[in-house]
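Enquirer: Quick one: the structure is below, and I'll ask about it shortly.
The values are calculated or read from the model by the stated rules, or taken from the named source; none is laboratory data. The structure presented is a predicted model; accordingly, all values stated were derived computationally and were not measured. With ideal geometry, Cβ positions are generated from the backbone for all residues, glycine too; neighbour counts draw on all protein chains shown.
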Amino acid sequence: MANKELNKKPEELTILLPGGAGYIGSHTAVELLDRGYKVVIVDNLSNSSKVAIDRIRQITGANDEQLVFIEADILDRPAMDKVFTNYSVDAIIMFAGLKAVGESTQKPLEYYWNNVGGALTLFDVAREHGCKNVIFSSSATVYGEEAQVPFTEELERGKTTNPYGETKAMLERILTDFYLADDEWSVVLLRYFNPIGAHESGLIGEDPKGIPNNLLPYVAQVATGKLKELGVFGNDYPTPDGTGVRDFIHVVDLAVGHVKALEWMAGKIGTGEPIGRGSYQGPVSEDGTRHGVGVFNLGTGKGTSVLEVVAAFEKACGHKIPYAIKDRRPGDIAVCYAACDKARDELGWVAQYDIARMCEDTWRWQSGNPNGYEG
Ligand code: NAD
Ligand code: WQD
C-alpha cells in the first residue's frame, strides 16, 4: 500500500504521538497544536498522567477534534488497529518507551518487550493502514562510550552500555531496514541529548515517578525540600571542575525540532541531502514528500557541568542547593555534547534557550507542582 503524503497544510494532517502524555511528547503536542496540526495521543500512562492531557488543552485551547487522547498500550494490537481505523494517521512521532537506564539492566526482558516489541506491533499496524512515516525518539546514547566529542551524525553507532540504549540502537536499525526493503518508508531518527526544562506556562513538565534518576528532576526536588541533598556523581573527571559535562537542551527547543523534522519529511524545508552515516535519500513523491532515512542530533552543542547546573539552578530558585560529592556512577561518561550543524543546515533548527532559562522554567514547573501532576 502506498504511503501517506505529507506536503499539506497542518490542519489537514493527523499526527499520532504514542507516548504523547509523557515529558517530551506533551511538549511536542503543544508545539504541533499551536501550529494547527491534529494530534492523537496514545499512552498507557505507565509513566505519565492524564492530567498532562488536560494541561495540553489548557495551554493550546485544543478541542476534542484537534486533540484526541486514547489510553492504550502499543503492545495491544487490536487497540492499535482501532486507532488507525478511527483516525486517518498521516505520520507517527514515536515517544512510547521505558527509559530508566538503571532499571533496564535489572529488567531487560521488560525493556526489550515494551520498547522493541511495542514499536514493532505499532509499526506493523501502521503499515497495514498505509502509514509509513515515522519520527523516532532516539538518543545520544547510541554513540556509545568511546565516541569523541562533539558527537557528529557521521560517527558510527557505538557499543551501547545497557538494554535501554540497545533498544534505541535496535530501533534505529529496524526502521532503517524497513526503508531499505521498501523505499516508501520515510524515517527520521532524532538523537536527543539531555532534555530538561518545562513549558513557560509552568503547566507541563517532567514528572518522574519515585526518586528521580536524572540530574535536573533531582536538583529540582532538592530545591523544593522534597529531597535532602544532591549526590554529585564524581568530581575527578577530566573536565574543568571535575564533574560530568552534558549537552542540556530545553524541552521546548526539542519539541520544535520534531515539528521541523516533520516539515523536512514533507519536503517543506531543507535539501533532503542524506544526513550523516546511516542516512539515505530516497524517492520523492509528486507532492514533495521525502522518503529515506534522516539522522539528526538535537542538542545545543554546548557542554555544561553538573556543578554549573547546580549554580544555575541556585540562581533560578534563589537559594542554595545542598550537595555532596559521591563516587562516580557506573556507566557514566565524562563529557557528552552534540555537533548541531546538520540540524541547523537541513532543518533550519537551532536551540534558542540557555541553561539559565532551562533552570528557570524547571523551577516554575517544580515549585508550582511540587508533587507533579498528582497535586
Ligand atoms: P516519558 O516516560 O515521560 O514518556 C514516555 C511515555 O511513553 C510515557 O507517557 C509512558 O506512559 C508511555 N509508554 C511507555 N510504554 C508504553 C506502551 N507500551 N504503550 C503506550 N505508552 C507507553 O519519557 P520522555 O522523557 O518523554 O521520553 C520520550 C522518548 O524519548 C522515550 O522513547 C525516551 O526513551 C526518549 N528519550 C528520552 C530522553 C530523556 O532524557 N528524557 C533522552 C533521549 C531519548
Ligand atoms: C547527567 C549528569 C551524572 C544524577 C541519561 C541517559 C541517556 C539519556 C538522557 C535517554 C551525569 C550527574 C545525575 C544525580 C549526578 N536518556 N548526576 N547526580 O546520564 O547524561 O543521560 O538521560 O536516552 O541515555 O543515560 O543524564 O541526568 O542522569 O546525568 O551527579 O543525582 O549528572 O553523573 O554526569 P545522563 P543524567
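Enquirer: Using the structure shown, decide if Ile333 is more than 19 Å from the chain's Cα centre (by Cα) and at pLDDT 95 or above. Explain how you work it out, then say what you get.
Expert: Working: more than 19 Å from the chain's Cα centre (by Cα): yes; at pLDDT 95 or above: yes.
In short, yes.
Enquirer: Okay, next question. Working only within segment 144-172, note down all residues that are more than 18 Å from Arg329 (Cβ to Cβ) and within 16 Å of ligand 1 (Cβ to nearest atom).
Expert: Ala147, Phe151, Glu153, Arg157, Gly158, Glu166, Thr167, Lys168, Ala169, Met170, Leu171, Glu172
Enquirer: Among the residues of segment 188-234, which ones are of a type in the set (D, E, K, R) and farther than 30 Å from Gly282 by Cα? Don't jump to the end; show me each part of the working.
Expert: Step one: of segment 188-234, the residues of a type in the set (D, E, K, R) are 191, 200, 206-207, 209, 226, 228-229.
Listed by number, the residues that qualify are Glu200, Glu206, Asp207, Lys209, Lys226, Lys228, Glu229.
Enquirer: Then there's this: Quickly run through segment 168-201 and pick out the residues that are in contact with a Gly (Cβ under 7 Å, 6 or more places away or on another chain), in a loop (DSSP other than H, G, I, E, B) and farther than 30 Å from Trp365 by Cα.
Expert: Listed by number, the list holds a single entry, Asp183.
Enquirer: So, one more: Does Leu215 fit the bill of being out of contact with any His (no Cβ under 6 Å at 6 or more places or on another chain) and either closer than 21 Å to Ala91 by Cα or within 11 Å of ligand 1 (Cβ to nearest atom) (or both)? Spell out the reasoning first.
Expert: Values: out of contact with any His (no Cβ under 6 Å at 6 or more places or on another chain): yes; either closer than 21 Å to Ala91 by Cα or within 11 Å of ligand 1 (Cβ to nearest atom) (or both): yes.
Answer is yes for this residue.
Enquirer: Going through segment 150-165 one residue at a time, which ones are surrounded by 17 or more Cβ atoms within 10 Å (Cβ to Cβ) and either in contact with a strand residue (DSSP E or B) (Cβ under 8 Å, 6 or more places away or on another chain) or in contact (Cβ under 8 Å) with a residue 24 or more places away in the chain (or both)? Before you say what the answer is, go through the steps one by one.
Expert: Within segment 150-165, the first condition is being surrounded by 17 or more Cβ atoms within 10 Å (Cβ to Cβ), and the residues that meet it are 150-153, 155, 157, 160-165.
Passing the criteria: Pro150, Phe151, Thr152, Glu153, Leu155, Arg157, Thr161, Asn162, Pro163, Tyr164, Gly165.
Enquirer: Take the conditions under 30 Å from Pro208 (Cα atoms), in contact with a helix residue (DSSP H, G or I) (Cβ under 9 Å, 6 or more places away or on another chain) and either crowded, with 22+ Cβ neighbours inside 10 Å or modelled with pLDDT under 95 (or both) and apply them to Tyr143. Does it pass? Steps first, please.
Expert: Values: under 30 Å from Pro208 (Cα atoms): yes; in contact with a helix residue (DSSP H, G or I) (Cβ under 9 Å, 6 or more places away or on another chain): no; either crowded, with 22+ Cβ neighbours inside 10 Å or modelled with pLDDT under 95 (or both): yes.
No; evaluated as a whole, the condition is false for this residue.
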